[in-house]
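S.K.: Below you will find the structure I want to go over with you.
The numbers here are math on the coordinates, done by the rules we state, and not lab data. From a predicted model like this one, the values you see are computed outputs, not experimental measurements. When we count neighbours, we look across all protein chains shown, and the Cβ atoms used for this are built from the backbone with ideal geometry, even at glycine.
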Amino acid sequence: MKVSVIGFGYVGSVAAAGLAEAGHDVIGIDTDREKIEAFRSGIIPIYEPGLSELVLDTLDKGTLRLMHVDEVEEPLGDVIIIATGTPMSESGSADLGQVHAAISWIKKVQPDRGVVVMKSTVPPGTGIRLQENLHRDTGLGYVSNPEFLREGQAVSDWFSPDRIVVGGEDQEAIQTVISLYHNIAAPIMITDMTSAEMIKYASNAFLATKISFINEIAALCDKVGGMVDEVAKGIGLDSRIGSSFLQAGVGYGGSCFPKDVKALDHVALVNGHSFELLRAVTAVNNRQRLIPLNALRDRFGPLAGVKVAVLGLSFKPNTDDVRESPSLEVIKILANENADISVYDPMALEQARKFLPTDITFADDIMRCVGGTQAVVLATEWSQIVDADWAEISRLMAAPRLLFDGRNVLNPQSMVNLGFEYVGVGRNACARQNGTAPEKGLQASVAFKR
Ligand SMILES: NC(=O)c1ccc[n+]([C@@H]2O[C@H](COP(=O)([O-])OP(=O)(O)OC[C@H]3O[C@@H](n4cnc5c(N)ncnc54)[C@H](O)[C@@H]3O)[C@@H](O)[C@H]2O)c1
């Protein structure tokens, strides 16, 4: 089948290459000339495990072709997938500007036939309106087909998704969309358009809620003396709950959870419902990002001149995506307080550089990053960071060697043995047992000292 994918970003590139791998004749289309040029010349501008191989292979086979919007001079095909961004607007709603621009362009280039498939995350109710608009002006069909892939494992998620959700009214169009996925074995759920859109938002909102929930439990553990790791393990063994997304830390980030939680909250508000739970989820998440700063201030007082290394810039490991990364927010506040900052990330250094002050040290080597620093904030659990030689890091650092483990991924006692003052999230009880925690623990964090 001939397929066009409009928007060749994190989702569009994986979708286009995945469909090309399935044997479809795919054109990947974007307004970003530089991005298209980079992909075409084999310099993959997105770090996503397996993506480079998949794109290069399908380009080589000719099942994937890439074009800037102005270069398209042929029919878009039977299926036209929209995978443009839907960022957060100032009001918290989803900004549909890129989606509307893509639809206007499709209407101009191929108004007479084809199915428009919405892969971008759009607020519940959007599809009905877009479909009405298309039916009024064109012969194009419309189907909602939200995407659930996770950055960092997007390629494997594409080929092995938990489910494929297809929402719409036109049965023929729905069947066309389903046939796109002939090589994928996954449950296919066919539903109405608005429910499909809601499934996407509700999934992300629920996962974000789990994260904020365990972060609240972590805060309480630090007050009353429990270990959040143990609690999460115990909760997760309940098959009704499951163990995923129960890792306490500096909170969620990325291009999806923060904006989707806010957008769903906005949809609720404009439809006369106050979704209190979502507001709490966001508030808890915003608070989590400040915990490392509080820990640093508790230890050092004013942070001006304090040498701090921040390890990890992407919002999670195995991606170079820094959108809404907790790490970047921490760094910006540290910079405002005139700390002496060095940062390291295995893959996201160049992406992060665009958003950070220029007078911080960008280190492409973890040991260079930590050398001479008094404190380290572990913000992203890349294996290159978690499995680093922490004895050497301790040796290179200066006293007091404060280590804020923002993802609770290091063994507190081992770190103490290496000479660090260890601070975790919701791991206060362990310090109490060692007699190293103050009687009244720090807010949601506490130092382990030798
Ligand atoms: N990133 C994820 O993990 C993920 C997962 C599931 C769903 N989603 C959703 O998928 C959508 C895309 O997300 P993303 O992370 O890939 O975004 P992205 O910003 O990486 O990619 C969007 C791409 O669209 C291009 N674009 C913008 N306007 C265009 C237009 N009019 N015509 C052609 N190209 C245009 C941009 O240049 C960019 O390359 C969003 O709605 C997002 O919420 C994202």
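S.K.: How large is the charge dipole for the stretch 2-191, taken about the Cα centre, if only the Cβ atoms of Lys, Arg (+1) and Asp, Glu (-1) carry charge, to the nearest 20 debye?
M.R.: Dipole of the stretch 2-191, to the nearest 20 debye: 240 debye.
S.K.: Hey, what D do you get for the stretch 198-258 in µm²/s if you plug the Kirkwood alpha-carbon radius into Stokes-Einstein at 10 °C and 1.306 mPa s?
M.R.: D = 130 µm²/s.
S.K.: Among Ile199, Ile291, which comes first, second and so on when ranked by fewest other beta-carbon atoms within 10 Å?
M.R.: Lowest to highest Cβ neighbour count: Ile199, Ile291.
S.K.: Please check the chain for the longest run free of GluC sites (Glu not before Pro) that are loop-located per DSSP (anything but H, G, I, E, B) and have at most 11 other Cβ atoms within 10 Å.
M.R.: Longest run free of exposed loop sites: 91-438.
S.K.: Can I ask one more? Starting from a Cα-only point model with no solvent, please compute log10 I(q)/I(0) by Debye for the stretch 274-341 at q = 0.20 1/Å.
M.R.: Log-scaled intensity ratios, in q order: -0.86.
S.K.: Fewest Cβ neighbours within 10 Å first, please rank Ser144, Ser325 accordingly.
M.R.: Ser325, Ser144
S.K.: Can you give the local net charge around Gly372? Use residues other than it whose beta-carbon is closer than 13 angstrom to its beta-carbon, Lys and Arg +1, Asp and Glu -1.
M.R.: After counting each charged neighbour, the total is +3.
S.K.: Could I ask something else about it? So if we plug the beta-carbon distance of Glu169 and His100 into 1/(1 + (r/R0)^6) with R0 = 22 Å, what FRET efficiency do we get, rounded to 0.05?
M.R.: Once rounded, the FRET efficiency stands at 0.55.
S.K.: For Val5, which sequence-distant residues (separation of 5 or more, or a different chain) have an amide H within less than 5 Å of its own amide H, given hydrogens modelled in the peptide plane?
M.R.: Amide H to amide H, under 5 Å and 5 or more residues apart or across chains, Val5 pairs with Ile27, Gly28, Ile29, Ile81.
S.K.: At Ala391 and Ile184, where each label point lies 7 Å from the Cα along Cα→Cβ, what is the point-to-point distance in nanometres?
M.R.: 4.7
S.K.: With n ≥ 4 as the cut-off for DSSP H runs, can you work out [θ] at 222 nm for the chain, using -39500 (n - 2.57) per run divided by the number of residues, rounded to the nearest 500?
M.R.: -12500 deg cm²/dmol
S.K.: Using only Cα atoms, tell me the angle between helix 257-270 and the longest principal axis of the chain; keep it within 0 to 90° and round to the nearest 10.
M.R.: Approximately 70 degrees, to the nearest ten.
S.K.: Bin by bin, in steps of 10 Å, what percent of the Cα pairs in the stretch 287-448 do you find, going until the bin that has the longest distance?
M.R.: Whole-percent P(r) values from 0 Å outward: 11, 45, 36, 7, 0.
S.K.: To continue, here is another question. For the stretch 238-270, state which trypsin sites (Lys or Arg not before Pro) are in a DSSP loop and have at most 15 other beta carbons lying within 10 Å of their beta carbon.
M.R.: The qualifying sites are Arg240.
S.K.: I've got another one for you. How many percent of the alpha carbon pairs in the stretch 57-213 exceed a separation of 27 Å?
M.R.: Roughly 26 percent, rounded to a whole number.
S.K.: Something else: Provide Met347, Met367, Met118 in ascending order of the number of other Cβ atoms located within 10 Å of each residue's Cβ, fewest first.
M.R.: Result, fewest neighbours first: Met367, Met347, Met118.
S.K.: Let me ask another. Through the Karplus equation 6.51 cos²θ - 1.76 cosθ + 1.60, θ set to phi - 60°, convert the phi angles of the stretch 14-20 into ³J(HN,Hα) values in whole Hz; use x for Gly and Pro.
M.R.: Listing the rounded values in order: 5, 4, 5, 5, x, 5, 5 Hz.
S.K.: Determine the gain in length on full extension of the stretch Glu74-Asp162; use 0.36 nm per residue of separation and subtract their C-alpha separation, reporting nm with one decimal.
M.R.: Computed gain between Glu74 and Asp162 is 28.2 nm.
S.K.: Could you please report the charge total around Val3, scoring K, R as +1 and D, E as -1 over all other residues with beta-carbon less than 10 angstrom from its beta-carbon?
M.R.: Charge balance in the 10 Å sphere: -1.
S.K.: List the pair-distance distribution P(r) of the chain, using every Cα-Cα distance, as the percent of pairs falling in each 10 Å bin from 0 up to the bin containing the longest distance, rounded to whole percents.
M.R.: Spelled out per bin, shortest first, that is 4, 20, 27, 23, 16, 8, 2, 0.
S.K.: Given the options Leu130, Val55, Met198, identify the residue whose Cα lies farthest towards the positive end of the charge dipole of the chain (+1 on Cβ of Lys, Arg; -1 on Cβ of Asp, Glu).
M.R.: Met198
S.K.: Still on this structure, I have one more. Run the simple label-point estimate for Asp364 and Asp57 please: 7 Å along Cα→C-beta, distance reported in nm.
M.R.: 2.9
S.K.: In nm, give the distance between the simple-model label positions of Lys354 and Lys233, each being 7 Å from the Cα along the Cα-to-Cβ direction.
M.R.: 4.1
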